[in-house]
Amino acid sequence: MLFRSALEQEGVLVLGVLHFPILQETYTAIRGKGAFLNGKSIAASDCKKMADALIAEIFSDRESRGKQVQYPPTTAFRKYGSAITSLALVASGRIDGTVLRCKRWDIAAGKLIIEEAGGTVTVRMDDESNPRSALTCIASAPALHEELCTYMDITREESPDRTERIAVIGLGFVGLPLAGTFAELGFSVTGMD
């Protein structure tokens with residue numbers, strides 16, 4: 001099982017947590033304070049071109065079923081099967097980039113963690129007027145990002161966040177295991193029992 005949670009305050013992501021119990025890995029980030037894996041600082045990859053990159057995902061199995069899929073011109077391509085797994089691997093520099101089709105709550109925590117680790121994230125909502133709409137997320141090493149965005153034919157302009165109040169995004173299963181992590185990071189946690 002994988003867990004993810006993000007805290008957004010006045011439209012800005014301020015806290016992100018990704019937890020992988022079977023791997024005993026917890027990724028955390030607080031805006032402006034860096035990104036960490038089990039308490040140790042992490043950094044995105046320094047890969048500079050797609051020909052040298054290890055890229056994950058690129059397409060959704062559901063959306064590409066029965067269609068011909070074109071893979072990017074990279075050194076290697078992997079499919080991990082989980083948006084948060086790919087985002088965590090980009091944040092820690094274990095892979096160089098990922099392209100995901102998912103929902104906002106799937107990427108919120110990973111987006112902040114990647115940005116705090118020095119990576120770059122581009123998000124394009126399918127329907128700007130609907131915060132629940134599907135989106136395309138491109139996350140990568142900063143020097144690789146423009147080339148990957150060009151390959152995927154989207155701009156680097158990120159959609160504005162739609163939330164204007166404090167919100168915990170994508171809690172799902174995470175209430176119990178991550179309530180302690182939120183408290184350890186200095187955030188007051190209520191309504192998570």
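Each value in this text was obtained by applying a stated rule to the coordinates, not by laboratory testing. The shown structure was predicted, so the numbers you read here are calculated from the model rather than taken from an experiment. Please note: Cβ atoms are built from the backbone with ideal geometry, for glycine as well, and neighbour counts cover all protein chains shown.
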- [ ] Note down the net charge around ALA143, summing +1 for each Lys or Arg and -1 for each Asp or Glu among other residues with Cβ under 9 Å from its Cβ.
- [x] -1
- [ ] Take each of the peptides 90-100, 39-49, average the number of other beta-carbon atoms within 10 Å over its residues, and list them starting from the highest.
- [x] 90-100, 39-49
- [ ] Would you mind calculating the gained length between ARG132 and ASN38 on full extension (0.36 nm times residue separation, minus the Cα-Cα distance), in nm to one decimal?
- [x] 30.7 nm
- [ ] Describe numerically, in nm with one decimal, the distance between label points set 7 Å from Cα along Cα→Cβ at GLU10 and at GLU146.
- [x] 3.3
Task: Peptide ranges 28-34, 108-114 listed from the most packed, as the mean C-beta count within 10 angstrom indicates - done: 108-114, 28-34
Open item on the list: Please report the net charge: other residues with Cβ closer than 12 Å to the Cβ of ASP52, K and R +1, D and E -1.
Closed with: -1
Task: Amide H partners (placed H, <5 Å) of GLU57, local residues excluded - done: ARG78, LYS79, TYR80
